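Read the structure below first, then the notes.
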Amino acid sequence: MTIPGQLNPSPRLLLGPGPSDAHPRVLSVMTTPLLGHLDPQFIEIMSETQEMLRQVFQTKNALTFPVSATGTAGMETCLVNLLEPGDKAVVGTIGYFGNRMVDIAGRTGADVTVLERPWGQVFEPDMIRDAVKRVKPKVLALVHAETSTGAMQPLEEIGAICRETGTLLVADCVTSLGCIPVKPDEWGIDAAFSCSQKGLSCPPGMAPVTFSERAVAALKARKTKVQSWYLDLTTIMGYWGGDRAYHHTAPITMVYAIREGLRLVLEEGLEARYARHVRNHLALKAGLTALGLAYTADPNHQLPQLNAVRLPDGVDDAAGRKRLLTEFGIEVGGGLGDLKGKAWRIGIMGQNSRPGCVYQVLTAVEQVLK
Ligand code: PLP
């Protein structure tokens, strides 16, 4: 076999559903020499990372840390730790990622009730209240920012509904953290998970999670072992909790990366960051609308960071995206599930939520649609 040449990827602007471009400062800290995963200096870095993560999650939850894997591992961590065989769960799906939670919850042996909304729509609080009162589940799981449709599921009222039946609320915040407000303590979310590669402007590879005291109590009251060894919080807590006892070898470089990503978020300030995402979304939306493209999500619940638009009749999805990539160096996402071949998903997340990205993608999309 001939040895492949030195790595030399073409320059890209990642304006799809993720990964988004990593911030240059994040890439720069990733060239920092390694420390051992139990080195006192690394342990200090872990503590700093956890403290910053609490601030970005706007929570006081002690059990807050980045899982060493991508967003799906965060999803799995929340569901496999809180559900045991025979437990009741309600999973709301408003698109592709809700369906993934249905699958994972089912694999735990839980008795899963699926609530569905048409793609692009979200649940009204009363729909959730009815289901929770009827089923009285241990866990209700919802997607906060549904990346397949660009819809934002409001969660503000859902925690209080869950309290009425002692239900734990799990929220998929993979596409929301660092882009729009996520407030587990204020909204009564018991377990939330996210990723590193979107609103935090890092490469994929870490899944921030946070668990409330109620969730930790439910974990401690389990009758059976957690099905996953790697994601078992009862043992991971020994590493990311107080003792820093070996569990697995932390991906040192990714911890450096997420630490820098979190520093960037806090330097900017949460409110300023949310406002920036809205500002750039409005500019992008004005441009896309002027090009005759309609959004797929309910306009009252549109995510600023993920803009999914229907393709006009006659536009070849794959050919169009190929031109965007090869002629303009821009990646946008195609449609998933019900929207496959019918929509483009334009992500302006984290550091990519800026006017330059908006203008570039609008110019390119206009050329390709001509
Ligand atoms: N949930 C949502 C809403 C997502 O958008 C994604 C990925 O884009 C995931 C879960 C899965 O995350 P990952 O692909 O990082 O495993």
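Computed from the coordinates by the stated procedures, all read-outs in this text should not be read as laboratory data. Worth saying up front: this structure is predicted, and the values here are computed from it rather than measured. Note that each Cβ is placed from the backbone with ideal geometry, even for glycine, and that neighbours are counted across all protein chains shown.
Just to be sure I understand the model, the point goes 7 Å from the Cα along the line to the Cβ. What's the resulting Lys60 to Ala160 distance in nm?
That separation, rounded to one decimal, is 2.0 nm.
Once you have the alpha carbon radius of gyration of the range 170-224, what is it after dividing by 2.2 N^0.38 Å, with N set to its residue count? Please list the in-between numbers first.
Details: Rg = 12.7 Å, N = 55, 2.2 N^0.38 = 10.1 Å.
Normalised Cα radius of gyration, the range 170-224: 1.26.
Counting chymotrypsin sites (Phe, Trp or Tyr not before Pro) as exposed when in a DSSP loop with at most 12 other beta carbons within 10 Å, what is the longest stretch of the chain free of them?
Longest stretch, sites excluded: 1-228.
Cα to Cα, under 19 Å, and not fewer than 8 places away if on the same chain: which lysines meet these conditions relative to Lys340?
Answer for Lys340, where 19 Å is the Cα cut-off: Lys322, listed by chain and number.
For Glu44 and Ser28 in one chain, what is 0.36 nm times their gap in residues minus the Cα-Cα distance, to one decimal in nm? Could you put the intermediate results ahead of the total?
Values: separation 16, 0.36 × 16 = 5.76 nm, distance 1.98 nm.
Value of the extension gain: 3.8 nm.
How large is the translational diffusion coefficient of the chain in µm² per second when you combine the Kirkwood radius over alpha carbon pairs with Stokes-Einstein at 4 °C and 1.567 mPa s?
For these conditions, the coefficient is 61 µm²/s.
Assuming R0 = 56 Å, what is the FRET efficiency of Lys136 and Tyr359, from their Cβ-Cβ distance, to the nearest 0.05?
According to the calculation, E is roughly 0.65.
Can you tell me the alpha carbon radius of gyration of the range 212-370 divided by the globular rule-of-thumb value 2.2 N^0.38 Å?
Its radius of gyration relative to the 2.2 N^0.38 Å reference: 1.41.
Write down, largest first, the equivalent ellipsoid semi-axes of the range 153-287 in whole Å, where each equals the square root of 5 times an eigenvalue of the alpha-carbon gyration tensor.
On the way: eigenvalues 167, 99, 26 Å².
Equivalent-ellipsoid dimensions as semi-axes: 29, 22, 11 Å.
Taking a ≥ b ≥ c as the square roots of the eigenvalues of the Cα gyration tensor of the range 56-170, is the shape rounded (a/c under 1.5), prolate (a/b larger than b/c) or oblate? Show your work: numbers first, answer last.
Numbers: a/c = 1.21, a/b = 1.10, b/c = 1.11.
Taking the square roots of the gyration eigenvalues as a ≥ b ≥ c, the range 56-170 is rounded.
Tell me whether the range 138-195 comes out rounded, prolate or oblate; compute the Cα gyration tensor, take square roots of the eigenvalues as a ≥ b ≥ c, and use a/c under 1.5 as the rounded threshold. Before the final figure, lay out the partial values.
Details: a/c = 1.97, a/b = 1.78, b/c = 1.11.
Here the range 138-195 falls in the prolate category.
Given Lys88/Lys342; Lys133/Lys198; Lys88/Lys133; Lys198/Lys220, which pairs have Cα atoms separated by over 24 Å?
In this structure, Lys88/Lys342; Lys133/Lys198; Lys198/Lys220 lie more than 24 Å apart at Cα.
Kindly write out, for the range 225-240 in residue order, the coupling ³J(HN,Hα) from the Karplus curve 6.51 cos²θ - 1.76 cosθ + 1.60 (θ = phi - 60°), rounded to whole Hz, with x marking Gly and Pro.
3J(HN,Hα) across the range 225-240, in whole Hz: 5, 5, 5, 9, 6, 5, 9, 6, 5, 4, 9, 4, 4, x, 8, 7.
Please list 3J(HN,Hα) in residue order for the range 13-19, calculated via the Karplus relation 6.51 cos²θ - 1.76 cosθ + 1.60 where θ = phi - 60°; whole Hz, with x for glycine and proline.
Result, ordered by residue: 10, 8, 10, x, x, x, x Hz.
What does the charge count near Val135 come to, summing +1 for each Lys or Arg and -1 for each Asp or Glu among other residues with Cβ under 14 Å from its Cβ?
+2
Just flag the trypsin sites (Lys or Arg not before Pro) in the range 163-230 sitting in loop per DSSP whose Cβ has no more than 13 other Cβ atoms within 10 Å.
Passing both the DSSP loop test and the Cβ count: Lys223, Lys225.
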